[in-house]
Amino acid sequence: MERIEQHNQLVKEIQRLKEEKNAVILAHYYQIPEIQDIADFVGDSLALAQEAAKTTADVIVFAGVHFMAETAKILNPTKKVLLPDLEAGCSLAESCPPSDFRAFVNKYPDHVVVSYINCTAEVKTLSDIVCTSSNAVKIINSIPKEQPIIFAPDANLGKYLMKETGREMKLWNGACIVHEAFDLEKIVKLKIEHPRAKIIAHPESETHILNAANFIGSTAALLKFVEEDDASVYIVATEHGILHKMIQKLPHKQFIAAPGVEDNTCACSECAFMKMNTLPKLYNCLKHETPEIILDESVMKKALVPIEKMFEITNRQPQCATATY
Ligand code: 13P
Ligand code: SF4
C-alpha cells in the first residue's frame, strides 16, 4: 500500500514538474511500463526523432538511451535535453568507435555512408544518410543502383537490407546484445507448444531468427502487425518492453517473449541499458534538470545533415525513387 502511494505521489510530482517547466517526456517502447505510461509520447526510433523535431516544449526528457537523446539534442540545439541515466548506452552504438569508423569510411571514398540511427553523434557526422529500422528499406532503395554503399553499425540489419533490396553493401560488423541473443532451438520448441503462434522479429535479430519469422519489422511495425493480424498468439523476438504496449492494446491476445540463449528460467530479453531509466531517476532529472545532453556545436551541425536527409527521404512520395549524393 505504501509503495502504491509512493508511486502515485511520484507520478503526480512528475506531472506537476512537467507542466511547470513546459517539458515533454518522450519514451521508447523498450522502457519500463511505468515510464511508458507517464510519457507524452511512446514510439520507435523514427517516430521519436520526428516527435523531437516538432516539439514546442522547452525541455525534452528522453526516456530511452544515449544515442536517442543525442538525436533529440541535434534536432533541438537550443533546448535542454535530459536523459534520466547518462550511463544508458547501447551495445550497437558502442560497437562502432568513431575513429575506427573514420578509417573504414576512408577506405571506400566512393561509397555513400548509410548509418543506422543507433550510433553516436560523431559517427553521424561521418555519414551521408541516417536510417532507422522503419525506413531503412526505403532509404537504401532511394540510392541510385550504381552507387556503392557502406552500411553501419548493425551487420544483422545490413544483411537483412541486402536481401530485401538486392544491394551489395560494405557492412560494419556491429550488433545489438539483445537481438543477437535469441535462441532458435528454444523458439522452435515454443512454436511446437503453440502451433498457431506467429513468430515476429525485429531486423536487428540474426539471419537464422529472421528466416524463421512470419513478420519482420521495427517495434512500431511489429505493433501495427499484431493489431491488424488475425492470429491470437505471437512469439515476439525483440526487446521485452514492447510486450507492455501489445498487451495494453490487445489484452485478448497472447504474447510470448522469444527466449534468449541465457534464459533458462524465464523468457526475458531485456536491454539492460534501456532499463537503467527508472521513475525516481526520471523525477530527479526533471526536478534538477540534469543529467543533460551536451554536444559540441560543430558536431551537432554536421550530424544534423544526414538526419535531415533521412526525414526528407522518409517523406518522399513513392514515385521519387532516386536521388543524387
Ligand atoms: P526501433 O525503435 O527502430 O524499432 O529500434 C529498436 C531499437 O533497438 C532501439 O534501440
Ligand atoms: Fe542498443 Fe540493442 Fe539496447 Fe536497442 S536494444 S538500445 S540496439 S543494446
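Computed from the coordinates by the stated procedures, all read-outs in this text should not be read as laboratory data. What you see is a predicted model, and the numbers here were worked out from it, not measured in a lab. Cβ coordinates were reconstructed from backbone atoms using ideal geometry, including for glycine residues, and neighbour counts include every protein chain displayed.
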> What size of dipole, in debye to the nearest 20, comes out for the chain about its Cα centre when the only charges are +1 on Lys and Arg C-beta atoms and -1 on Asp and Glu C-beta atoms?
Replying inline: 600
>> Could you tell me the calculated FRET efficiency between H208 and K54, based on Cβ-Cβ distance and R0 = 41 angstrom, to the nearest 0.05?
In response: 0.55
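Quick one: net charge of V81's neighbours, Cβ under 10 Å, K/R +1, D/E -1? List each step's numbers first, then the result.
On the way: positive: K73, K79, K80; negative: E70, E292.
Net of charged neighbours comes to +1.
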> Efficiency by 1/(1 + (r/R0)^6): what FRET value for E164 and S99, r their Cβ-Cβ distance, R0 = 25 Å, to the nearest 0.05?
Replying inline: 0.20
> Where the centre of each part is set by its Cα atoms, how far does the range 161-213 sit from the range 252-311, in angstrom?
Replying inline: 21
> Expressed in nm to one decimal, what extension gain is obtained for the pair Q6 and A221 from 0.36 nm per residue of sequence separation less their Cα-Cα distance?
Replying inline: 73.9 nm
>> Please report the spacing between the Cα centers of the range 119-138 and the range 34-64 in Å, no decimals.
In response: 19
> Residues with beta-carbon under 12 Å from that of K275, excluding K275: net charge, scoring Lys, Arg +1 and Asp, Glu -1?
Replying inline: -4
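Rounded to the nearest 0.05, what FRET efficiency do T290 and Q248 have when you use their Cβ-Cβ distance and R0 = 30 Å? Can you show the working numbers first?
On the way: r = 31 Å, r/R0 = 1.04.
Approximately 0.45, to the nearest 0.05.
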> What is the pair-distance distribution P(r) of the chain, computed from all Cα-Cα distances in 10 Å bins starting at 0, with each bin given as a whole percent?
Replying inline: 6, 26, 33, 25, 9, 1, 0
>> Can you compute the charge dipole magnitude of the range 195-287 about its Cα centre, using +1 on each Lys and Arg Cβ and -1 on each Asp and Glu Cβ, nothing else charged? Give it in debye, rounded to the nearest 20.
In response: 420
> Using the Karplus equation 6.51 cos²θ - 1.76 cosθ + 1.60 (θ = phi - 60°), what ³J(HN,Hα) coupling, rounded to whole Hz, does each residue of the range 165-170 give in order, writing x for Gly and Pro?
Replying inline: 9, x, 9, 7, 9, 7
> Which length gain, in nm to one decimal place, applies between E185 and A272 when the Cα-Cα distance is subtracted from 0.36 nm times their residue separation?
Replying inline: 28.9 nm
>> Once you place label points 7 Å from the Cα toward the Cβ at D37 and E20, how far apart are they in nm?
In response: 2.4
> Under the definition of Cα pairs under 8 Å and six or more residues apart, what whole-number percent is the relative contact order of the chain?
Replying inline: 22
> Given the Cα-Cα distance of V137 and R196 and 0.36 nm per residue of separation, how much length would full extension add, in nm?
Replying inline: 18.3 nm
>> Please list, in order along the range 82-96, the HN-Hα scalar couplings obtained from phi with the Karplus expression 6.51 cos²θ - 1.76 cosθ + 1.60 (θ = phi - 60°), rounded to whole Hz, x for Gly and Pro.
In response: 10, 10, x, 9, 5, 7, 6, x, 6, 4, 5, 4, 5, 6, 10
> Once phi is turned into ³J(HN,Hα) by the Karplus curve 6.51 cos²θ - 1.76 cosθ + 1.60 with θ = phi - 60°, what whole-Hz value does each residue of the range 104-119 show in order, with x for glycine and proline?
Replying inline: 4, 4, 5, 5, 10, x, 8, 8, 7, 9, 9, 10, 4, 4, 6, 8
> From the residues I140, A121, A93, which one has its Cα farthest along the dipole of the range 86-140 in the positive direction, the dipole being from +1 and -1 charges on Cβ of Lys/Arg and Asp/Glu about the Cα centre?
Replying inline: I140
> What order do you get for D110, D37 when you list them from fewest to most C-beta neighbours inside 10 Å?
Replying inline: D110, D37
>> How would E146, E70, E270, E185 line up from fewest to most surrounding beta-carbon atoms within 10 angstrom?
In response: E146, E185, E270, E70
> Taking other Cβ within 10 Å of each residue's Cβ, how do Y160, Y116 sort, fewest first?
Replying inline: Y160, Y116
> Which value, in debye to the nearest 20, gives the size of the charge dipole of the range 22-126 about its Cα centre, when Lys and Arg are +1 and Asp and Glu are -1 at the Cβ?
Replying inline: 420
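Tell me, what is a quarter of the convex hull surface for the C-alpha atoms of the range 186-325, in nm² with one decimal? Walk me through the intermediate numbers first.
Working: hull surface 52.5 nm².
Computing the convex hull of the Cα atoms and averaging its projections yields 13.1 nm².
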> In deg cm²/dmol, rounded to 500, what helix-only [θ] at 222 nm does the chain give when every DSSP H run of at least 4 residues adds -39500 (n - 2.57) and the total is split over its residues?
Replying inline: -12500 deg cm²/dmol
